[in-house]
Amino acid sequence: MRFTLFPFVLTSLIVLSVNSFAQQSFSPADPEYYAMERQQMRFDDQQVMLFNYRGFVCPRQYSMTSFTNVQFLPLTAPNYTFNLNFLDHNTGKLVRDDVPAIWDKWINEGKGEDPLGCNFRSNSSYLMVTQDEKWQPNACFRSGTFHKEIENQWLSYSVRSCTSVSYANDEVFVKLVLRNRKDKPLKLTLIPQQIAGQMNCDGMKGSATPHPVDAFTFGSDQMQARVSSDIESTSEKGFELTLPQDEYVTVYFAVQFYSPNKPAPPIVQKDISIRMKAADSVTREKLRWAYENVPKLESTNQKLQEYYYRCLLSVLMCRYENPKYITNPFWAVGYWPFTISWDTSYASDVLAMLDPKSLKEAILTDFREVKMKKTYVSWKGAEWENLYIQEPFALQIMIEAYLRHTGDYSLFSEKAGDATVWEWMQRWVTELNTNYRNKEGLMDVGYDTQKIIEIRTDGYNHVVPIVNVLTVHLLYRMSEWAGLLNDGNGNEYLRDADKLRGLMSERLWNEQEGWFDNLYPDGTKEAIWTDHLFDALGTDYLTGSQVNKLVSHLREGEFLGKYGIYSIARKDSVHWDLIDSDWGGGGQYAGMPGRISRNLYKQGFPELGWEILKRNMGYIEFFPYLPQNPRTDAPIQDRSSMPLEISAGAGMEAIIFGTFGITIDKERLTIKPNTHEELGISTLRDFKFRGKSYSIQIDKRTFSVFRDGKAIATKQFGESVVMQ
């Protein structure tokens, strides 16, 4: 099928929902576009996030009302669990909605009741019966039923619920729609149930061990939770509600978290529905804002399109606009409330397109907080004396992205703490030369592997090839920037880069293996088969032969796996680690497939770049957003790591700069797209560059470029369109 794309009418024609909404069309600006059935997800309850730019909670599976894992910093309660139970006045029976807790106790401890035996076994509990569960950004929709004849009396009602979190306050909303199926009124007491191991407020003294205060309030000396509703009738047990026969009744609840030195919220609140709608509006506004500020992908390859936007959603869910954080917005690594330059660098082009001011602030925050000593910058400032040597290289990538999209070189004169950005980068060069250069002139990080990447086997230390490659790249870039800034150190940086480049090829390149070796103080060498080395493909300082031989290892059974790449090649029997997924072997760090793909396109290997992207797209059948380090051969994300990672933005960047072939060199924009058999007819529209909007349509045999909606060129693949 062929069609004309301009004017742009494709969104309403081909953007189909990825779930049960398929009969209705939603665009990626709508939360419904990202909806996924809960049973389709390969996440545990604590990994399914309801997020609204302030904090998050996690809805529990097999319950209409339960959620857990509360984080509204400085308030945290990872093991806090809330649900409502339903007490029927007619039969006197309690219908429980804490099925997840019952499951956990039965499966993990062999105690309590088997939930599958409840509702019919003698003396067993009565439980709500789950029917459907669906997630979308900041909303969990659940439905269930209870239908039992108890002592010759029928108790039959349905429940539909929606759970979401607030943007403006530290609170969670639960909307219930109940229907009494029988022919007489149903009187219920809705009883809040709250359980937690600890409830903490960072920086606050007192016990974190919680206890019940009353039917509606639960908490510790540091943090409290109050359950409120728009139901006006209350008792010492909970909220009193009468359901008329065969009618739908809608009620709202808010679970509000606060420190005990603040007044407890009212139990009855008539405006909860208004606040819940306001939270939904923010969720929609943010998605619309993101959609409008990045290039829009429209493709007959629906999997590609969905992958692109789930990468965007993953980045967006890392954006905190919490006024209590050190910066607003604060770009977290993902689930953890830290910002780390290495992780951010994988999505730096996305941030530069989405919100360049926030990328600039992320750069300044890193210099100001890290101070070349502490890589981990939490929501309240840098913590722990732990430094990743990737810091200067990550900052280089972030600065390059900011300059690429803004052309704003005044960034270098911005102050961050006691120095300007340029002075900080010069300090990093001095630090590398002073504390990491060995007698031969190579960069030696010493014994500690944590300075590179955290793996559980030794050997990836001392003279690590990628550190030397990236130092060469940094020095050449510093020489270029010095020239632009009229700094006299440019020639010195250039000489150092040339020297290190020569040493690196002479001492580390293994021609027989087609790989760079690690070099140790005793003169021995060893090849560590890590995907970290493929970052070298993002530089321009390897020989053609070196590039070709490195790329030759990206093959089946070595680095390629079902959903992308292994972080350590399978043939490395010394270091390959099944469990330590991100860098140890059995999986892949979220940003690496996209970054490697983008660099393969750059180096002239488009088919291999597409192959890695295509494999990585498989995850979106199981994950609503992309996790930190899923297994390469199975859609599994361990609980010890994060279910969300900002570096997933690298997949989006691979499509923009790789598949669609966009290159920016100062004021020159070059477009040289690639096509693939499975790509279909695809359009990237509204790529913004220096005040103009560019769109690229890829057809079977040609591509077309449009500027501000007007066609300017149609060419064969292999040709370029250049604007400057």
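Along each of the three principal axes of the Cα atoms of the range 305-390, give the extent in whole Å, ordering the values from largest to smallest.
41, 29, 22
What translational diffusion coefficient, to the nearest whole µm²/s, does the range 584-667 have by Stokes-Einstein, given a Kirkwood radius computed over alpha-carbon pairs, a temperature of 37 °C and 0.692 mPa s viscosity?
Taking Rh from Cα pairs, D becomes 249 µm²/s.
Looking at the P(r) of the range 254-361, how many percent of alpha-carbon pairs lie beyond 18 Å?
62 percent
Can you give me the orientation-averaged projected area of the convex hull built on the Cα atoms of the range 467-626, in nm²? Provide the component values of the computation, followed by the final result.
Values: hull surface 45.5 nm².
That works out to 11.4 nm².
Suppose we keep just the alpha-carbon trace of the range 393-513; what are its Rg and Dmax in angstrom?
15.7, 48
Go through the range 88-102 residue by residue and turn each phi into a ³J(HN,Hα) via Karplus (6.51, -1.76, 1.60, θ = phi - 60°); whole Hz please, and just put x for glycine and proline.
Each residue's phi maps through the Karplus curve to give 8, 5, 5, 8, x, 8, 9, 9, 8, 10, 9, 3, x, 5, 5 Hz.
Would any residue of the range 119-137 have its amide N under 16 Å from a label point 7 Å out along Cα→Cβ of Asn108? List them or say none.
No residues fall inside that zone.
Between Met372 and Arg495, what's the calculated FRET efficiency when r is the beta-carbon distance and R0 is 25 Å? Round to 0.05. Present the calculation step by step, with values, prior to reporting the outcome.
Numbers: r = 24 Å, r/R0 = 0.94.
Working from the Cβ atoms, E equals 0.60.
What are the residues whose amide H is under 5 Å from the amide H of Tyr376, where those residues sit 5 or more places off or on another chain and H is modelled from the backbone?
Sorted by chain and number, the residues that satisfy this are Glu383, Asn386.
May I ask for the equivalent-ellipsoid semi-axes of the range 507-593, computed as the square root of five times each C-alpha gyration tensor eigenvalue and listed largest first in whole Å?
Those come to 21, 16, 11 Å.
For Leu484 and Thr702, calculate 0.36 nm times their separation in residues minus their Cα-Cα distance, and state this gained length in nm to one decimal.
Going from the current span to full extension adds 74.7 nm.
For an R0 of 51 angstrom, estimate the FRET efficiency from the Cβ-Cβ distance between Glu431 and Gln198 and round to the nearest 0.05. Intermediate values should be presented prior to the final figure.
Values: r = 40 Å, r/R0 = 0.78.
Efficiency at R0 = 51 Å is approximately 0.80.
Can you give the Kirkwood hydrodynamic radius for the range 234-290, in Å, rounded to one decimal and based on Cα pairs?
Mean inverse Cα-Cα distance, inverted, gives 14.6 Å.
Report, ordered by chain and residue number, the lysines lying within cross-link reach of Lys710, taken as a straight Cα distance under 20 Å and ignoring same-chain residues fewer than 8 apart.
Output for Lys710: Lys296, Lys672, Lys688, Lys692.
Heavy-atom accessible area of Ile267 with all protein chains present, probe 1.4 Å, nearest 10 Å²?
Its heavy atoms expose roughly 50 Å² to the probe.
Return a whole-number percent for the relative contact order of the chain, with Cα pairs under 8 Å and 6 or more residues apart as the contact set.
11 percent
Taking amide H positions as placed 1.01 Å from N in the peptide plane, with prolines and chain starts having none, which residues 5 or more places from Gly334, or on another chain, fall under 5 Å of its amide H?
Excluding prolines and chain starts, which carry no amide H, the hits are Ile646.
Any lysines with Cα under 16 Å of the Lys134 Cα? List them, leaving off those in the same chain fewer than 8 positions away.
Hits, sequence-local ones excluded: Lys175.
Compute the projected area of the convex hull of the Cα atoms of the range 616-724, averaged over all viewing directions, and report it in nm² to one decimal place.
If I average the Cα hull's projected area over directions, I get 8.5 nm².
With every protein chain in place, what's the accessible area of Lys111 (1.4 Å probe, Å², nearest 10)?
Surface open to solvent at Lys111 totals about 110 Å².
Go from 0 up to the bin containing the longest alpha carbon distance in the range 132-212, width 10 Å each, and give me the % of pairs per bin.
13, 30, 30, 19, 7, 1
Could you compute how fast the range 133-286 diffuses translationally, taking Rh as the Kirkwood radius over C-alpha pairs and applying Stokes-Einstein at 4 °C with viscosity 1.567 mPa s? Give it in µm² per second.
76 µm²/s
List the aspartates and glutamates whose alpha-carbon lies under 18 Å from that of Lys602, not counting same-chain residues fewer than 8 positions away?
Cα-Cα hits under 18 Å: Asp349, Glu400, Asp531, Asp535, Asp540, Glu611, Glu653, Asp665, Glu719.
Which distance in Å, rounded to a whole number, links the C-alpha centroids of the range 160-188 and the range 72-130?
The range 160-188 and the range 72-130 have Cα centres spaced 17 Å from each other.
Filter the trypsin sites (Lys or Arg not before Pro) in the range 602-676 to those in DSSP coil with at most 12 other Cβ atoms within 10 Å of their Cβ, and list the result.
Arg639, Lys666
How many Å³ per residue does the convex hull of the Cα positions in the range 580-627 occupy?
On the way: hull volume 3.6 nm³, N = 48.
Cα convex hull per residue, to the nearest whole number: 76 Å³.
Counting alpha carbon pairs within less than 8 Å and at least 6 residues apart, what relative contact order, in whole percent, applies to the range 358-513?
Value for the range 358-513: 16 percent.
Want the number for Ser640 to Tyr409: 0.36 nm per residue separation, take away the alpha-carbon distance, what's left? Present the calculation step by step, with values, prior to reporting the outcome.
Numbers: separation 231, 0.36 × 231 = 83.16 nm, distance 4.04 nm.
Taking 0.36 nm per residue and subtracting the Cα distance, the gain is 79.1 nm.
Cα-based Rg of the range 48-206 per 2.2 N^0.38 Å, rounded to two decimals?
1.12
If contacts are Cα pairs under 8 angstrom and at least 6 residues apart, what is the relative contact order of the range 56-134 in percent?
Numbers: 126 pairs, mean separation 18.7, N = 79.
Relative contact order comes out at 24 percent.
What residues qualify as long-range amide H neighbours of Asp230, i.e. H under 5 Å apart, gap of 5 or more or another chain, H built at 1.01 Å from N?
Hits under the 5 Å cutoff: Tyr252, Gln269.
Which order do peptides 541-549, 287-295 fall in by mean Cβ count within 10 Å, highest first?
Ranked by mean Cβ neighbours within 10 Å, highest first: 287-295, 541-549.
If you take the alpha carbon radius of gyration of the chain and divide it by 2.2 N^0.38 Å, what ratio comes out, to two decimals?
1.04
Take Asn328 and Glu247, extend 7 Å from each Cα along the Cα→Cβ direction, and tell me the distance between the two endpoints in nm.
The two pseudo-label positions are separated by 4.3 nm.
Could you order peptides 63-70, 221-228, 171-178 by the average number of other Cβ atoms within 10 Å of their residues, highest first?
Highest to lowest by the protection proxy: 63-70, 221-228, 171-178.
The values are calculated or read from the model by the stated rules, or taken from the named source; none is laboratory data. Just so you know, these numbers come straight off a predicted model, no measurement behind them. Reconstructed Cβ throughout: ideal geometry from the backbone, glycine too, with neighbour counts over all protein chains shown. Remember, those area values only see protein heavy atoms, side chains included, never the ligands or the DNA or RNA. Shrake-Rupley method; radii C 1.70, N 1.55, O 1.52, S 1.80 Å.
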